[in-house]
1. Looking at the stretch A:131-150 only, could you name the residues that are crowded, with 18+ Cβ neighbours inside 10 Å and touching a Ser or Thr at 6+ places or on another chain (Cβ under 7 Å)?
2. Among residues belonging to the stretch A:151-205 that are at positive phi, of a type outside the set (A, V, I, L, M) and open to solvent by 60 Å² or more (accessible area, probe 1.4 Å), point out the one that is farthest from the other protein chains (Cβ to nearest Cβ).
3. Conditions: (1) open to solvent by 30 Å² or more (accessible area, probe 1.4 Å); (2) within 17 Å of residue A:58 (Cα to Cα); (3) in contact with a Leu (Cβ under 9 Å, 6 or more places away or on another chain); (4) of a type in the set (A, V, I, L, M, F, W, C). Residue A:128 meets all but one. Number of the miss?
4. Here are the criteria: (1) of a type in the set (Gly, Ala, Ser); (2) open to solvent by less than 70 Å² (accessible area, probe 1.4 Å); (3) part of a loop (DSSP other than H, G, I, E, B). Tell me which single one residue B:37 does not satisfy.
5. Determine whether the stretch A:41-49 contains at least one residue that is away from chain B (no Cβ under 13 Å), among the polar types (S, T, N, Q) and either farther than 30 Å from residue B:8 by Cβ or in contact with a helix residue (DSSP H, G or I) (Cβ under 9 Å, 6 or more places away or on another chain) (or both).
Amino acid sequence: MRRLALALALVVLPAEADDRRSGFDVMGPDTQAMQQDDTANPGILWVRDGEALWTRADGGKSCAACHGAVESMRGAAARYPVFDGAPLSLEQRINRCRTTHQGATPLAYESQELLALTAVVAHQSRGLPITPDADPHLGAVRAEGERLFRQRQGQLDLACSQCHDDNAGKRLAGNLIPQGHPTGYPVYRLEWQGMGSLQRRLRNCQGAVRAEPYAYGSAELVALEAYLMARAGGMPLETPAVRP
Amino acid sequence: MPRTLINVPQSVPRGTVFEIKTLVSHPMETGFRPDESGRLRPRDIIHTFVCTYNGEEVFRAELFPAIAANPFLSFTAVATESGELAFHWTDDHGAIHTETARITVT
């Protein structure tokens, strides 16, 4: 069985070797085991909360009233951000549904409710490859994201790419620098002792180089998300991932 | 109300040692962290966890402020007879949360 699986893996492997590594591949075996066990992965607590919110009627209608079972969201998170009048992150899509379809108030970024809904939607795509949306409007958005990724910023005058492209795999003080793939968001980060969105993660990295973080929901953060998701195209989604 | 994840085998051969894993959502606020205004946030931790097996206590743990949020506990018991495992968490508000799991001994 093992040998068969290996043979299959060899067949589907792309011609050129893929040296991209998710944060999962480079973290310790204990943290990996925690992520893979659904009764030890604390991110599952948010997924369960999200399942409950999915069927709760807010502003008269529940998410389920229009979308049916949450399983219908399979594949959605793997395509985000998308373009719908403007570039839209998954969180923004959920809030747009709340305001325009549900008649409810938008949820605050990093609120437990928005994290839970994002987690349960993204969880439906666990194991699916990231498939960047084909909408041609997104080309310029990704190009802007790449420009920001390569732009030096902050008092330390460092670009994202200097850590995540040029020095990935090396250590920054005690921390291993990952390649910076957005494969598991929202994630349960042990250092945060809680769940956090991709934008929280990116703002954290900006703080680390003493730059002023872009605002939640800003065009800059959505552009960075769009670039990072394209950069990680084909890699499997892990939500909810655990990260150190 | 806290949310929990419990991992207990559904059936275990008599006399076997089996593993029990529990995870509970809780902020485990240490009492040492200031809020935005500089005042200390009041301590709010789960300080006691007890597991009973058909009513008899088989495991107890005391928890302290240095334990991270959403505490995960794993421990073992010996399968003696079919019945119910009950898990009780007590925090600084006294709020007790109880969860149960059935186990069949074969």
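1. Within the stretch A:131-150, A:149 is the sole residue that qualifies.
2. The selected residue is A:157.
3. Going through the list (1) open to solvent by 30 Å² or more (accessible area, probe 1.4 Å); (2) within 17 Å of residue A:58 (Cα to Cα); (3) in contact with a Leu (Cβ under 9 Å, 6 or more places away or on another chain); (4) of a type in the set (A, V, I, L, M, F, W, C), residue A:128 breaks only (2).
4. Residue B:37 satisfies every listed condition except (2).
5. Looking through the stretch A:41-49, none of the residues is away from chain B (no Cβ under 13 Å), among the polar types (S, T, N, Q) and either farther than 30 Å from residue B:8 by Cβ or in contact with a helix residue (DSSP H, G or I) (Cβ under 9 Å, 6 or more places away or on another chain) (or both).
A quick yes/no check of all residues on (1) over 30 Å from residue B:74 (Cα atoms); (2) open to solvent by 70 Å² or more (accessible area, probe 1.4 Å); (3) in contact with a Gly (Cβ under 8 Å, 6 or more places away or on another chain); (4) part of a loop (DSSP other than H, G, I, E, B):
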| site | (1), (2), (3), (4) |
| --- | --- |
| A:41 | no, no, no, yes |
| A:48 | no, yes, no, no |
| A:53 | no, no, no, no |
| A:66 | yes, yes, no, no |
| A:96 | yes, yes, no, no |
| A:101 | yes, yes, no, no |
| A:106 | yes, yes, no, yes |
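The values are calculated or read from the model by the stated rules, or taken from the named source; none is laboratory data. From a predicted model like this one, the values you see are computed outputs, not experimental measurements. We place every Cβ from the backbone using ideal geometry, glycine too, and count neighbours over all the protein chains shown. Please note that ligands, DNA and RNA were not included when accessible areas were found on the heavy atoms of the full protein model with its side chains. Shrake-Rupley method; radii C 1.70, N 1.55, O 1.52, S 1.80 Å.
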